[in-house]
1. Read phi for every residue in segment 441-450 and hand back ³J(HN,Hα) as whole Hz from Karplus 6.51 cos²θ - 1.76 cosθ + 1.60, θ = phi - 60°, with x for Gly and Pro.
2. What number, in percent, do you get for the relative contact order of segment 174-299 if the mean sequence gap of Cα pairs under 8 Å and at least 6 apart is divided by its residue count?
3. For L229 and F355, FRET efficiency with R0 = 30 Å and r from the beta-carbon atoms, rounded to 0.05?
4. Apply the Karplus parameterisation 6.51 cos²θ - 1.76 cosθ + 1.60, with θ equal to phi minus 60°, to every residue of segment 346-360 and state each ³J(HN,Hα) to the nearest whole Hz, in sequence, with x for glycine and proline.
5. Which angle from 0 to 90°, rounded to the nearest 10, does the C-alpha axis of helix 304-324 make with the longest principal axis of the chain?
6. Apply the Karplus parameterisation 6.51 cos²θ - 1.76 cosθ + 1.60, with θ equal to phi minus 60°, to every residue of segment 101-114 and state each ³J(HN,Hα) to the nearest whole Hz, in sequence, with x for glycine and proline.
7. Taking R0 as 60 Å, what FRET efficiency do you get between D295 and A256 from their Cβ-Cβ distance, rounded to the nearest 0.05?
8. Charges at C-beta only: +1 for Lys and Arg, -1 for Asp and Glu. How large is the resulting dipole of segment 186-325 about its Cα centre, in Debye rounded to 20?
Amino acid sequence: MATSTSRWWALGALALCTLAIGLDSTVLSVALPTLAGDLHATTGDLQWITTSYLLVMAAALLPAGMLGDRFGRKRMLVGALVLFGVASVACAYAVSTGQLIAARAALGLGAAVLMPLTSAVLTVIFDPAERPKALTIWVTASALGIPLGPVVGGWLLDNFWWGSVFLINVPMVLAGLIAVLLWVPESHGDRARRFDPLGIVLSAAGLVALTYGVIEAGERGWTDPRSLLTAVGGIAVLALFLAWQRRARAPLVDLALFRSRAFTWGSLLATVASFGMFGMLFALPQFFQAVGGNDALGTGLRLLPVIGGLLVGARVAGRLEPRLGAKTVVTAGLLLMAAGLFTGATTGPGTGYGFVAAWIAVAGVGLGFTMPPAMNAALGALSPERSGVGSGLIQALRQVGGAIGVTVLGTVLNGAYRDGVDVTGLSATAADAVRDSATAGVAVAGGLGDAALLGSVQAAFTSGMDLALVVAGGVAVAGAVLSLLFLPARPAAPDPASAPLPPTTLPAPAESVV
């Protein structure tokens, strides 16, 4: 007999899936220098090892949600977990950069299926009263993997070979696979709905081009013609996609979803939060390493206050939202994020870790206030029949928002760093290396034994980070204003069609193994 206990076990399975994805998104960062040596990877190879994952995930998010609606979300989750596990093993034992890039692309495909369908299943099995708590756990598991990546990766690289950073996925995948088979009920959307092949092609091409163009702009600068043309081309293709969706008889994305203020503004405000979070997590590891002199393991440990703040904020928000409404809680969360980011903008090269831990914890509390209620508002507007593709749309927006956040804030940071660092007296080669990144600047200063250059590198980087945090804080304030103006105070009364599956349709653990 199915009970509410089986739903929470199902949530544990879904949280494991998202934890694996979050962990995989950052654990590779600490292994890149080792890969460069062991696989003789060029800088371009290293970029593609990272980018192939992101591009495939961006391309597949919307089709994955649609396929889950049509063929069964549990079935697709099982297949995605198997693919994710096999691809992780293939990554670990790759003997060339080409093999590793291909395996990383397969990992991105698995992640693209897991991300929207895990949140879609939450919409089906939890009623509106329980969903905020379930979403808090899901969001926390997803975010927890980001700082844990460098911690776990650093420890593994200290004790094992580089492939171990991928094999860490395997036990989580196996545990998630068993739990999904035992406790996650099968659910479908509209199985009679026809495919939209042109919509799939246009959405995939547009998201890939936009994501790639933004990533390239982060590497080459916003004035690089190729980056700009790629990003603008992606936007143009997405505009064609939207125009087609208005005409298609069976569109991939139901644009009527955007008539719901809860879905529209919940999705956009979750994207704003992702912009700030990913931008902050882009700058902080470099600060801890280049300015603080910490290794990868120490850097990961110093990011943990973000997760502590997230846990506290999500727990408090879960209690406040039923009484105060999503508008109040999300607005307060974005203002808390802004307060933490603006406070962080006063950080200097000599600032102690206690101050940094305090402001990143405040930003984490704001994230915990913002993300679960905003996601709940958006997901609550979805019917079970369209929760897969709707969740895919939400995740696609968050993915692009995170990529744009890293690129925009990275451009601000790097521009201020290059303008501020003093390379007087250095050879052209050394000066170019110093301007390239703060990490390279610290290495050059160490090799030359130049304390003045080291101080200039650290001061210039910190100044750039502070400016980026001001921009991120400004975006959070803008999000708070939009939340106050447009986000509904409380979700509309749930439509009977969007109610969770009745208990009798949830299979008992012993009977649900397929």
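The values are calculated or read from the model by the stated rules, or taken from the named source; none is laboratory data. Bear in mind the structure is a predicted one, so any value in this text is a computation, not a measurement. Methodologically, a virtual Cβ is constructed for each residue, glycine included, from the backbone with ideal geometry; neighbour enumeration extends over all protein chains shown. When the accessible area is computed, the model is the full protein with side chains, heavy atoms only, and any ligands, DNA or RNA have been set aside. Shrake-Rupley method; radii C 1.70, N 1.55, O 1.52, S 1.80 Å.
1. Result, ordered by residue: x, 5, 5, 5, 4, x, x, 8, x, 9 Hz.
2. On the way: 81 pairs, mean separation 24.9, N = 126.
Over segment 174-299, the number comes to 20 percent.
3. Numbers: r = 43 Å, r/R0 = 1.43.
Computed FRET efficiency for F355 and L229 comes out at 0.10.
4. 9, 5, x, x, x, 5, x, 5, x, 5, 4, 4, 5, 6, 6
5. It works out to around 40 degrees.
6. For segment 101-114, the Karplus curve yields 5, 5, 5, 5, 4, 5, 4, x, 5, x, 5, 5, 7, 5 Hz.
7. Values: r = 51 Å, r/R0 = 0.85.
Efficiency computed from Cβ-Cβ geometry: 0.70.
8. Working: 14 positive and 9 negative charges, 126 e Å.
Dipole about the Cα centre, nearest 20: 600 debye.
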